[in-house]
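Notes to accompany the following structure.
The values are calculated or read from the model by the stated rules, or taken from the named source; none is laboratory data. The structure presented is a predicted model; accordingly, all values stated were derived computationally and were not measured. Ideal geometry is used to build each Cβ from the backbone, glycine not excepted, and the neighbour counts take in all protein chains shown. Areas reflect the complete protein model, heavy atoms only, side chains present, ligands, DNA and RNA absent. Shrake-Rupley method; radii C 1.70, N 1.55, O 1.52, S 1.80 Å.
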Amino acid sequence: MEHITDSQGPLWEVFTQKKSGQPYQHAGSLHAFDKEMALENARDLFSRRGEATGLWVVPASEIVAVKPGDAAPFFDPADDKIYRHPTFYEVPEGVKNL
Amino acid sequence: MELQEKLDAFQQYIDAEEKIEPKDWMPDEYRRHCIRQISQHAHSEVIGMQPEGNWITRAPTLRAKKILLAKIQDEGGHGLYLYSAAETLGISRDEMIRQLHEGKAKYSSVFNYPTLNWADIGAIGWLVDGAAVTNQLSLRRTSYGPYSRAMLRICNEESFHQRQGYEIMTKMANGTPEQRRMAQDALDRWWWPALMMFGPHDNNSPRTYNGIVWKIKRAGNDELRQRFIDKTVPQAEFLGLKIPDPQLQWNEATGHYETGEINWDEFHRVISGDGPCNRQRMEHHKRVHEEGAWVREAAEAFARRRKAENLTEAIA
């Protein structure tokens, strides 16, 4: 199952914005030979029914990600800081709008 | 970690309904199972464009033609979602297409039947897409993350396919006697192939066990087939059409329809290449792939030149 010369162009990751003001979310990936083709393919593949008001395409090779095996130690500095959550604090009885 | 420990941790993770992502450790057999299932699913979407494509130039109205074009375009898109999901497991798109052309990868046997009259387009949407969506709704919960996400997207789009098919059937079943005869003829020919789409009985399906334990599949072949039968029989009754199965009957006690046995000889014959249209489907796919080679080469050359030009500009 070694990689064999692919004639479909490099892989791109596609992010769509569903409504203006909303964050961009990963929609999927596709093959294209350049960025214009990537954008047009992304439109035809991920927004045939007006699902997007905005589109980003990024070469998959440029994405940097946390390795799954490293995820636990990478994220654990946040684990013991419960004072970052509002529920950590006691609100005196009778106080409102806090 | 010892292999057994890794396997146990993997199983626990899956039992907790967590999703497996591309870079996660997974047993080789899990990877192979996913590649086989997802690529077969992708090939089915793409080969499935052919029987419907047969009617684009002969659709009875402009409205019908536009709908059919949109539906076939969706099927192509579904193939692309699935190829991408399979690629995350380390197989290239080229390799999958090669496996298809060499007959090593299969696609759903249902697409090896011909579309003989316009009602067949209705029957495909209603029955073939209806069966596919029954399977795909269940697969939304598959344990492999990219596959699950592709299924969610596909299910959202498939609901239009089934409705447009049923609309055609409704029109034909309520039309002239000749149209009505065509509708019944289409049902007669597509009913059994649609039931075969769910695959062999579970006690006869060697891969069901692993697939269920690893939650790649979320329901057995027979259970999914029964779900499809139970929802489809009343739809046929509404059309006033007759399901071509003399043994079909409602079982009050179980709350399910009972059917006659599927012709498994036919199933195995068509799966192994000897159906009415196998050769035609594969020849068409190979020809179009080869004829499109120059487009891919030109696009690659263009991208290379643009890159070189940009580099020169950046230096200057």
Filter the stretch B:76-85 down to the residues that are free of Cβ contacts under 8 Å to residues at least 40 places away in the same chain and open to solvent by less than 20 Å² (accessible area, probe 1.4 Å), then identify the one that is farthest from the chain's Cα centre (by Cα).
-> B:Gly76
Which ones in the stretch A:40-74 are away from chain B (no Cβ under 13 Å), touching a strand residue (DSSP E or B) at 6+ places or on another chain (Cβ under 8 Å) and open to solvent by 60 Å² or more (accessible area, probe 1.4 Å)?
-> A:Thr53, A:Trp56, A:Ser61
What do you reckon, is B:Ala293 open to solvent by less than 40 Å² (accessible area, probe 1.4 Å) and touching a residue at least 40 places away in the same chain (Cβ under 8 Å)?
-> no
B:Glu29 being in contact with an Asp or Glu (Cβ under 7 Å, 6 or more places away or on another chain) and at negative phi = no
Please determine, by comparing only the residues of the stretch B:26-56 that are outside any loop (DSSP other than H, G, I, E, B) and within 15 Å of B:Asp120 (Cβ to Cβ), which one is nearest to the other protein chains (Cβ to nearest Cβ).
-> B:Met49
Return yes or no: is B:Tyr83 of a type outside the set (A, V, I, L, M), in a helix (DSSP H, G or I) and touching a Lys or Arg at 6+ places or on another chain (Cβ under 8 Å)?
-> yes
When you scan the stretch B:259-285, how many residues do you find that are within 20 Å of the chain's Cα centre (by Cα) and open to solvent by less than 70 Å² (accessible area, probe 1.4 Å)?
-> 13
For B:Ala59, all conditions in the list (1) closer than 21 Å to B:Leu127 by Cα; (2) within 14 Å of another protein chain (Cβ to nearest Cβ); (3) surrounded by 16 or more Cβ atoms within 10 Å (Cβ to Cβ) hold save one; what is the number of the exception?
-> (2)
A:Met37 meets each of (1) touching a residue at least 24 places away in the same chain (Cβ under 8 Å); (2) open to solvent by less than 80 Å² (accessible area, probe 1.4 Å); (3) under 18 Å from B:Arg149 (Cα atoms); (4) within 14 Å of chain B (Cβ to nearest Cβ) with one exception, condition (3)
Picked from the stretch B:86-106 (must be assigned to a helix (DSSP H, G or I) and without any contact (Cβ under 8 Å) to a residue 24 or more places away in the chain), the residue nearest to A:Glu13 (Cα to Cα) is B:Glu87
Would you please list the contacts, defined by Cβ atoms under 6 Å and residues six or more apart or on different chains, that run from a residue in the stretch B:41-61 that is under 14 Å from B:His284 (Cβ atoms) to a residue that is of a type in the set (Ser, Thr, Tyr) and at pLDDT 95 or above?
-> B:His43/B:Tyr107; B:Ile47/B:Tyr107; B:Pro51/B:Thr115; B:Asn54/B:Thr115
Could you identify the single residue in B:Glu102, B:Glu158 that is within 14 Å of chain A (Cβ to nearest Cβ), within 14 Å of the chain's Cα centre (by Cα) and charged (D, E, K, R)?
-> B:Glu158
Test A:Thr87 against the criterion of being open to solvent by 80 Å² or more (accessible area, probe 1.4 Å) and either touching a His at 6+ places or on another chain (Cβ under 9 Å) or β-branched (Val, Ile, Thr) (or both), and give yes or no.
-> yes
Quick one: count up the residues across the stretch B:188-210 that are surrounded by 21 or more Cβ atoms within 10 Å (Cβ to Cβ) and within 17 Å of B:Asp15 (Cα to Cα).
-> 0
Of B:Gln179, B:Gln162, which residue is buried (at least 18 other Cβ atoms within 10 Å of the Cβ), part of a helix (DSSP H, G or I) and not acidic (Asp, Glu)?
-> B:Gln162
Complete set of residues in the stretch B:93-113 that are open to solvent by less than 10 Å² (accessible area, probe 1.4 Å) and either modelled with pLDDT under 95 or of a type in the set (Ser, Thr, Tyr) (or both) | B:Ser109
Any idea which residue in the stretch B:18-31 is farthest from B:Leu82 (Cα to Cα), counting only those that are surrounded by 15 or more Cβ atoms within 10 Å (Cβ to Cβ) and among the basic types (Lys, Arg)?
-> B:Lys19
Kindly provide the set of residues from the stretch B:182-201 that are without any contact (Cβ under 8 Å) to a residue 60 or more places away in the chain and outside any helix (DSSP H, G or I), ordered by number.
-> B:Gly199, B:His201
